[in-house]
Each structure stands twice: as C-alpha cells, then as structure tokens.
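One structure below.
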Amino acid sequence: MAGHGEAEIRKYVKTCIAVFSSLMVLTIVTVAISYVHLDTPSAIAVALIVATVKASLVALFFMHLISERHAIYYLLCLTGLFFLLLMYLPSGWYHDEMKIHTVWSVLPQPAEAGHHGGEAAGHAGEAVADEAAPAAEAHH
C-alpha cells in the first residue's frame, strides 16, 4: 500500500478485521445451525444463505471486488443466472425417469440352485478335474 496515508491504512486494517470477525461469527453460526434439527430442505437453504454471505464478504473485501467497476458486477450476475439455469434445467427432465417396478418386472428371474442341472454339472465338472490331475502328473 505504498503511497497511501496512515489514516487510509488504518481504515483498511479495521475493515479487514471487521470482515474477518464477521466470517468467524458466521462460521460459528454455521456450526450452531448444524446442531439445530431442521428438515433437510430448510437446513440446505439456511446453509446456502450463510455460505453466500460468507463468499460475498470474501469476494468483496479480500478480493477487492467492492472497488471494481460495474462491468464486473454484470458479469457476476450473468454467471449467477447461468448457474441457476443449470441447476433448474434438470427439474424439467422428470418424464425421462424410469420407474423401479417396471425395471424389475423386465429383468430375468435367477435360476434355482438345482434347476437346469446346476447340481449335476458341478459334480461332473469336479470328476473331470480329478481325472485330469493324475494325467498331468504322469507327463512330468
């Protein structure tokens, strides 16, 4: 901050301390809210509000966006609107959902253990493997 007066530097330091203190208080609020038993949509809404306030404080003061021109705000708003559009877009896809009960009705049913010669084939395979072992040893 070369070229700035002492009063301006003190003002900037006080602002940074105030923002930092606010972030600490909001972090405590976030932890306190996690102990309150809210239903899931309410908990998500409150968490997003607190996170948005914290992110705004960081962006405005620590990233110095508060002193930027208005064009940066238009770009930021455009980005936010695009984000909201992308979050809202899948909600119109409900007609593509597959119902689980229709999937289960199409799948083949598993065969029972003794059905289709499963037991006999297993024993026959073991007998063939037992006969092949001595033949392999005779060649060595």
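Give region 47-66 a look and list any residue that's closer than 13 Å to Ala18 by Cα and not aliphatic (A, V, I, L, M), or say none.
Lys54, Phe61, Phe62
Tell me, which residue of region 18-41 that is over 11 Å from Leu57 (Cβ atoms) and polar (S, T, N, Q) is surrounded by the most Cβ atoms within 10 Å (Cβ to Cβ)?
Out of the qualifying residues, it is Thr30.
Do any helices (runs of 4 or more DSSP H) entirely within region 1-104 hold 1 or more residues that are modelled with pLDDT of 90 or more and basic (Lys, Arg), and if so, which?
Counting at least 1 such residues, we get 6-35, 40-57.
The values are calculated or read from the model by the stated rules, or taken from the named source; none is laboratory data. Bear in mind the structure is a predicted one, so any value in this text is a computation, not a measurement. Note that each Cβ is placed from the backbone with ideal geometry, even for glycine, and that neighbours are counted across all protein chains shown.
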